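FYI, it's all coordinate maths here, none of it is from the lab. None of these values were measured; they are calculated from a predicted model. Cβ atoms come from the backbone with ideal geometry, glycine included; neighbour counts cover every protein chain shown.
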């Protein structure tokens, strides 16, 4: 087991809130243990962060409020949109654009690239969930 996981497990064993029954409150249903970083948003930056962490052997969890990756690209942009910069400046780490893509990929091509990126790195965001708050518990050295 990795040292950072042992440290986290040790801290949670002494968590004063661990055994509190929150009853039927929504808090008890929305607090989960995650053995690594939580990434908020499954856009290009969130996907890139998850892929880089995975490449280093660090597990992570992406939480996305919408029902798809790159929701702003998929749901909030016009269909004729193209990247405003050449593709080599818009590539995510660890994976180039396909060679047959034009210099300025279309919206649909960029979405295809992001979906292929998520598949390649086996990134599976949790969709339709929002992060309401995050607070650092200094005594435990953990985020809640």
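Order the peptides 88-97, 129-138, 108-117 from the highest to the lowest mean number of other Cβ atoms within 10 Å of their residues.
Packing proxy ranking, top to bottom: 108-117, 88-97, 129-138.
Which value does Rg/Rh take for region 42-140 over its C-alpha atoms, Rh per Kirkwood?
Reported Rg/Rh (Cα atoms, Kirkwood Rh): 1.03.
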